[in-house]
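What follows draws every value from the coordinates through simple rules; no lab data is involved. Just so we're clear, the structure is a prediction, and the values are computed from it rather than from any experiment. All Cβ positions, even for glycine, are placed from backbone atoms using ideal geometry, and neighbour counts span all protein chains on display.
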Amino acid sequence: MKRFNFRLEKLLELRKFYEHRAELELAHAVSRKAAIDIALKTVAQLKLETNRKFVAGGTAPDINYLYSAQHYMIRLDKEKEELLSKLVLAEQAVNEKRAVYIEAASKRKAISKLKEKKMALWRKENIKAEDNIIDDLVTFRSGKRLSEAAHRQ
């Protein structure tokens, strides 16, 4: 029996490569977005802690402390705004990378389905050819036995 040979195997491998590369790029974009999310949560936690220190001071805080705390809060707000703008860009990048990945995956799947259909057809033809060979062998052997029996009589 001849081996299965898919003529578009190199194209399929190329499509798998592009799909894998798109998947990696999507993963990097998602990780950058996650890092920004973590940084935003950290800024929010720092602001919360600073507010608690303001409120829970108990004694009248030093004016220099209040001044530095106010500047720290302003810096945290600016950092939050920068992170939010970066988050928007990161989400856009994730959406773009996801679209590229989906397109690459669909192109690969189309070739994979074609390969599966060709392989199923090859298997069916292979089974049919094997059945024909087995039938020929059985017919040959039974014919040989009949001719041997005819010679004996």
Of V88, V30, V138, the one that fluctuates the most in a GNM where the chain has Cα springs shorter than 10 Å: V138
Theoretical gain in end-to-end length, A39 to Q92 [0.36 nm per residue, Cα-Cα removed]: 17.3 nm
Residues in segment 1-15 that a label on I133 would reach, taking backbone N under 19 Å of a point 7 Å out along Cα→Cβ: 1-5
FRET efficiency, H20 to S106 (Cβ-Cβ, R0 22 Å, nearest 0.05): 0.90
Calculated FRET value between K117 and S142, using beta carbons and R₀ = 35 Å, to 0.05: 0.40
Given (i) -0.83, -0.88, -1.14; (ii) -0.60, -0.68, -1.18; (iii) -0.74, -0.83, -1.30, the label whose value is log10 I(q)/I(0) by the Debye sum over Cα atoms at q = 0.13, 0.14, 0.20 Å⁻¹ derived from this model: (i)
Relative contact order, percent, the chain [alpha-carbon distance under 8 Å, six or more residues apart]: 46
Rounded to 10°, Cα long-axis angle of helix 63-152 versus longest principal axis of the chain: 10
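Determine the gain in length on full extension of the stretch K10-Q70; use 0.36 nm per residue of separation and subtract their C-alpha separation, reporting nm with one decimal.
Computed gain between K10 and Q70 is 15.3 nm.
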28 Å Cα-Cα reach of K97 towards lysines, excluding residues that sit fewer than 8 places from it in its own chain: K10, K16, K33, K41, K80, K86, K107, K109, K113, K115
Sum of -39500 (n - 2.57) over DSSP H runs of 4+, divided by residues of the chain (222 nm, nearest 500): -34000 deg cm²/dmol
Crossing angle, helix 9-55 versus the chain [Cα axis fit, 0-90 degrees, rounded to tens]: 20
